[in-house]
Amino acid sequence: MCMVIFAPLFAIFAFATCGGYSGGLRLSVDCVNKTESNLSIDIAFAYPFRLHQVTFEVPTCEGKERQKLALIGDSSSSAEFFVTVAVFAFLYSLAATVVYIFFQNKYRENNRGPLIDFIVTVVFSFLWLVGSSAWAKGLSDVKVATDPKEVLLLMSACKQPSNKCMAVHSPVMSSLNTSVLSEIQSGKVLKKRKRVATLNGL
């Protein structure tokens with residue numbers, strides 16, 4: 001019974017922490033000519049992490065000219081696949097919970113209930129495995145692309161030793177790390193449910 005309860009909880013944590021994420025970083029460019037400096041360059045990004053569409057402007061330290069840049073990468077496919085699987089896993093786990101609690105006798109009447117449960121659980125276990133691998137790689141790419149040190153390398157002004165470029169603060173990724181951990185735990189619960197379905201009717 002515990003695994004039935006925990007599966008939807010892990011799924012909720014997984015898609016809520018990823019699908020509801022928004023973060024940002026702040027950089028500063030201190031030019032030799034102080035009037036050209038910008039000490040508060042804010043760059044915001046969010047789910048579904050189409051980072052190549054996140055644009056921002058920075059000083060070139062060459063008069064009033066500005067350089068328009070964009071973050072690198074697009075992790076939207078892995079993020080959206082992950083959230084979609086998590087949502088459907090949550091809905092299925094919720095439905096299974098209702099069946100296990102209120103329709104246990106009908107569930108055990110013949111092999112059809114356990115067989116369907118087994119097949120669906122196998123499918124979700126596979127999708128969780130694919131989703132966890134894809135999103136773990138996607139999250140790694142997001143971390144690299146939003147690393148202030150990597151972003152500073154894109155700026156022409158920061159290639160001049162006379163200008164001082166630095167990170168004011170980095171994005172907080174703790175909730176995204178939680179999404180991956182929740183995904184792994186939910187996958188483990190689904191595997192346990194698969195074994196239970198096998199024992200019940202197969």
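Quick notes on this one:
- Between 0 and 90 degrees, the angle of helix 174-201 with respect to the longest Cα principal axis of the chain falls at about 10 degrees.
- In Å, descending, principal axis extents of the Cα set of the chain: 81, 21, 20
- When all protein chains stay in place and ligands, DNA and RNA are ignored, the 1.4 Å accessible-area order of ILE12, ILE101, largest first, is ILE101, ILE12.
- Choice from LEU51, LEU181, LEU154 with maximal GNM fluctuation in the chain (Cα, 10 Å cutoff): LEU154
- Probe 1.4 Å - accessible area at CYS61, Å² to nearest ten: 30 Å²
- Here the chain exposes an accessible surface that is 63 percent carbon and sulfur, computed with a 1.4 Å probe and the other protein chains kept in place.
- Largest to smallest in accessible area, the residues GLU62, GLU36 fall in the order GLU62, GLU36 (1.4 Å probe, all protein chains included).
- Straightening the chain between ASP147 and LYS34 buys 38.1 nm, computed as 0.36 nm per residue apart minus the Cα-Cα spacing.
- Two-site FRET efficiency, PHE102 against LEU9, from Cβ-Cβ distance with R₀ of 30 Å, rounded to 0.05: 0.95
- Sorting LYS64, LYS164 on solvent-accessible area from highest to lowest, probe radius 1.4 Å, gives LYS64, LYS164.
- In Å², nearest 10: area of VAL122 left accessible to a 1.4 Å probe: 50 Å²
- Subtracting the Cα-Cα distance of VAL168 and VAL130 from 0.36 nm times their residue separation leaves 10.1 nm of extension gain.
The values are calculated or read from the model by the stated rules, or taken from the named source; none is laboratory data. Please read all numbers here as calculations on a predicted model, not as lab measurements. Please note: Cβ atoms are built from the backbone with ideal geometry, for glycine as well, and neighbour counts cover all protein chains shown. The protein model used for the area step is the full one, side chains on, heavy atoms only, and it has no ligands, DNA or RNA in it. Shrake-Rupley method; radii C 1.70, N 1.55, O 1.52, S 1.80 Å.
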